[in-house]
Amino acid sequence: MKAKIIGVGSCVPSRVVTNNDLAKSVDTSDEWIKTRTGICERRISDEDTSTSDLALGACKKALAAAKFPAENLDLIVVGTTSPDTLFPSVSCILQYKLGATKAAAFDVSAACSGFNFALTIGSSFIENKTYKNVLVVGADTLTKYLDWTDRGTCVLFGDGAGAVVLTASENEAGILASWLKAEGSLGYHLIMPGGGSRDPEQKHGRFIRMDGKEVFKFAVRALEESIVGSLKLANLKIEDVDLFIPHQANIRIVNYTIKKMGLSKEKVYVNLHKYGNTSAASIPLALDEALADGKIKKGDIIVLSGFGAGLTCGANVIKWGG
Ligand code: ACO
């Protein structure tokens with residue numbers, strides 16, 4: 001039994017913030033941001049929009065694309081590190097707002113790798129025949145946790161959500177393999193210190209703190225390791241892959257991986273110039289755009305690979321459609 005993707009959807013806030021907009025309030029420039037990250041603009045949600053609002057938009061589109069009624073869902077899994085509240089979870093809010101009354105629902109915390117972790121969990125429930133129909137979501141609004149005076153982090157992130165509908169299938173298409181990893185010993189390089197049980201009053205601040213250079217080093221290692229690891233599990237070679245969709249954090253991380261692994265640039269999908277790093281939303285958002293751009297056809301082999309806080313990384317190999 002395989003988990004097959006039958007619908008994809010995404011949602012971003014309407015407000016576009018360009019590099020030049022940021023340069024008006026912090027000591028940076030369009031040129032620095034473009035050269036060092038590849039990012040040109042990002043979407044930033046307003047005060048009244050939370051992670052579940054974007055996730056709901058993405059889920060409705062994914063369910064519509066799949067022509068699948070929410071009330072038939074068995075499970076909702078959301079990868080997020082910026083939930084509306086510590087509880088209830090974003091997935092429970094979605095379960096209620098979608099009318100998915102039969103579905104169990106929980107969130108997964110793996111930061112920018114959140115979608116890979118959620119997709120792995122969702123597909124496993126189908127493979128082991130516990131459930132038949134699962135909604136998997138990646139959604140984050142990390143711009144709400146940025147220190148807008150810290151030019152080292154505030155230029156990098158944007159908000160968004162992406163979702164896929166999985167269904168049980170006995171044909172050859174679907175998730176072929178999933179590979180996940182955590183390196184908790186490196187967790188201190190990327191941390192949101194306040195708001196958890198160690199500091200509920202956020203005395204240590206409520207902003208993302210990151211050692212960019214250390215995360216960069218991990219990212220290039222993690223992308224390669226996750227691609228190689230997942231393809232090995234799927235019994236496939238690099239040459240078998242039609243499209244790589246890496247986590248959209250920084251074009252230099254993507255280009256370094258292309259060069260190091262000898263990948264063909266045309267086979268690597270990039271949309272980070274439009275959205276920045278949208279954390280757990282990054283991969284499903286890119287998947288949705290790659291489909292809309294006609295980059296994916298039936299029978300294609302696709303690798304989704306992510307890395308993020310934890311530190312964590314993961315990849316999923318998919319045979320598309322059919
Ligand atoms: N504008 C202008 N100058 C800047 C900016 C900015 N926005 N940010 C930093 N600088 C300056 C620094 O102060 C430094 O100046 P100095 O030489 O006078 O000290 C100089 O630019 C170089 O800074 P570096 O930090 O060395 O720049 P680097 O080339 O490493 O790029 C970056 C920084 C973009 C953050 C990079 O390290 C990176 O992308 N790291 C990975 C981040 C990442 O992928 N995070 C994923 C998070 S995933 C998750 O789970 C949330």
*Looking only at the stretch 25-53, and only at residues there that are buried (at least 19 other Cβ atoms within 10 Å of the Cβ) and farther than 30 Å from Asp107 by Cα, the one that is nearest to the ligand (Cβ to nearest atom)*: Ile33
_Please return the ranges of helices (runs of 4 or more DSSP H) entirely within the stretch 202-305 where 3 or more residues are away from the ligand (no atom under 15 Å from the Cβ) and open to solvent by less than 50 Å² (accessible area, probe 1.4 Å)._
212-234, 282-292
*Do we have Thr130 as of a type in the set (Val, Ile, Thr), modelled with pLDDT under 95 and surrounded by fewer than 16 Cβ atoms within 10 Å (Cβ to Cβ) here?*
no
*asked:* Anything in the stretch 54-93 that is acidic (Asp, Glu) and either touching a Pro at 6+ places or on another chain (Cβ under 6 Å) or open to solvent by 60 Å² or more (accessible area, probe 1.4 Å) (or both)? List them, or say none.
replied: Glu71
*Taking interchain pairs and intrachain pairs at least six residues apart, which have beta carbon atoms under 6 angstrom, with the first residue in the stretch 178-204 and more than 23 Å from Phe117 (Cα to Cα) and the second at pLDDT 95 or above and open to solvent by 70 Å² or more (accessible area, probe 1.4 Å)?*
none
*On the given criteria, is Ser124 surrounded by fewer than 24 Cβ atoms within 10 Å (Cβ to Cβ), within 21 Å of Ile227 (Cβ to Cβ) and polar (S, T, N, Q)?*
yes
*Is it fair to say Ile191 is in contact with a Leu (Cβ under 7 Å, 6 or more places away or on another chain) and within 14 Å of the ligand (Cβ to nearest atom)?*
no
*In the set Leu180, Leu176, Leu156, which member is within 12 Å of the ligand (Cβ to nearest atom), at pLDDT 95 or above and open to solvent by 10 Å² or more (accessible area, probe 1.4 Å)?*
Leu156
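The values are calculated or read from the model by the stated rules, or taken from the named source; none is laboratory data. Everything numeric here is computed off the predicted structure, so don't read it as measured data. Virtual Cβ from ideal backbone geometry, glycine too; neighbours counted across all protein chains shown. Accessible surface is based on the protein model in full, side chains and every heavy atom, while ligands, DNA and RNA are left aside. Shrake-Rupley method; radii C 1.70, N 1.55, O 1.52, S 1.80 Å.
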